[in-house]
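**Student:** Handing you this structure, nothing more for now.
The values are calculated or read from the model by the stated rules, or taken from the named source; none is laboratory data. The shown structure was predicted, so the numbers you read here are calculated from the model rather than taken from an experiment. Every residue, glycine among them, receives a Cβ derived from its backbone with ideal geometry; neighbour counts consider all protein chains shown. All accessible areas refer to the heavy atoms of the entire protein, side chains included, with ligands and DNA or RNA removed. Shrake-Rupley method; radii C 1.70, N 1.55, O 1.52, S 1.80 Å.
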Amino acid sequence: MLIQAHRHLPAPTEYIRNTYQIVSMDKFASPAWNVLALDGSNWQRIDLFDFQRDIEGRVVENISKRCGGFLRKLSLRGCLGVGDNALRTFAQNCRNIEVLNLNGCTKTTDATCTSLSKFCSKLRHLDLASCTSITNMSLKALSEGCPLLEQLNISWCDQVTKDGIQALVRGCGGLKALFLKGCTQLEDEALKYIGAHCPELVTLNLQTCLQITDEGLITICRGCHKLQSLCASGCSNITDAILNALGQNCPRL
């Protein structure tokens, strides 16, 4: 069941008020409402994007305590008020989380990824785009504690270098989608690590990774034969020569 926020609906319990009137249905019968609203098994997917300006850390903590192990998918995209402390509580309580969107949660640092690594081993999709405090330490932590990771977005996390990519792919070889847009410190050696350890890769975004050249992309072609989507827009050092390598090695593109 998808739980979304609706401002116009009445809040039947103190808990719902504390979480900014998050509800699960457009129509409901009063006698059954409390049971439904407070039953954590109904709260498996939550998207708080529409309330991004209102959501603070305590809301995330309340949700995590109520949902516990039932929660599988949470989107906090754009929730600027949510930081590491709340996300640590979340990770401790919601250990079955599989999809987590923290895009634009600018208070997020390496401490959050350390918490996810420690408590959320079932994590498959993680979006950290524009979390500019993220460093190589986060990728190392994810590699050690989240081996099932299939999709990672660290676009605009411009502190990440080849060392972080190396650590990531050694522990998360099942990656299928990797978004590195705006990671301007990445160079060809980072792509060599990806090509060597990510044979399942389907989607790769390298937009504005300015140091990337043909040499790095050729290693991707040779190691990632399942590639279907490649974005290298703004990579001004690549030439037409890479097209031949793509044609020969990546027939699904």
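**Student:** Can you pull out every residue in the range 184-196 that is surrounded by 19 or more Cβ atoms within 10 Å (Cβ to Cβ) and over 24 Å from D240 (Cβ atoms)?
**Tutor:** Matches in the range 184-196: Y193 only.
**Student:** Considering only residues that are of a type in the set (D, E, K, R) and outside any loop (DSSP other than H, G, I, E, B), which ones fall in the range 186-204?
**Tutor:** D188, E189, K192
**Student:** Against the conditions (1) farther than 18 Å from A190 by Cβ; (2) open to solvent by 10 Å² or more (accessible area, probe 1.4 Å); (3) part of a loop (DSSP other than H, G, I, E, B); (4) of a type outside the set (K, R), where does T108 fall short? Just the number, please.
**Tutor:** So T108 meets the others, but not (2).
**Student:** If you don't mind, another one. In the range 111-142, what residues are assigned to a loop (DSSP other than H, G, I, E, B) and either open to solvent by 20 Å² or more (accessible area, probe 1.4 Å) or in contact with a His (Cβ under 6 Å, 6 or more places away or on another chain) (or both)?
**Tutor:** Within the range 111-142, S121, K122, R124, S130, T132, S133, T135 qualify.
**Student:** So, one more: Identify, from the list Q159, Q166, the residue that is of a type in the set (S, T, N, Q) and within 22 Å of L230 (Cβ to Cβ).
**Tutor:** Q166
**Student:** Could you check how many residues of the range 143-163 are under 21 Å from A232 (Cα atoms), assigned to a loop (DSSP other than H, G, I, E, B) and not hydroxyl-bearing (S, T, Y)?
**Tutor:** The number of residues fulfilling the criteria is 7.
**Student:** Scan the range 205-253 residue by residue and report those that are in a strand (DSSP E or B) and surrounded by 15 or more Cβ atoms within 10 Å (Cβ to Cβ).
**Tutor:** N205, L230, C231
**Student:** How many of the residues making up the range 58-94 are under 20 Å from S117 (Cα atoms), open to solvent by less than 40 Å² (accessible area, probe 1.4 Å) and within 18 Å of the chain's Cα centre (by Cα)?
**Tutor:** Residues in the range 58-94 being under 20 Å from S117 (Cα atoms), open to solvent by less than 40 Å² (accessible area, probe 1.4 Å) and within 18 Å of the chain's Cα centre (by Cα): 15 in total.
**Student:** Quick one: is R77 modelled with pLDDT under 95, in a loop (DSSP other than H, G, I, E, B) and among the basic types (K, R)?
**Tutor:** no
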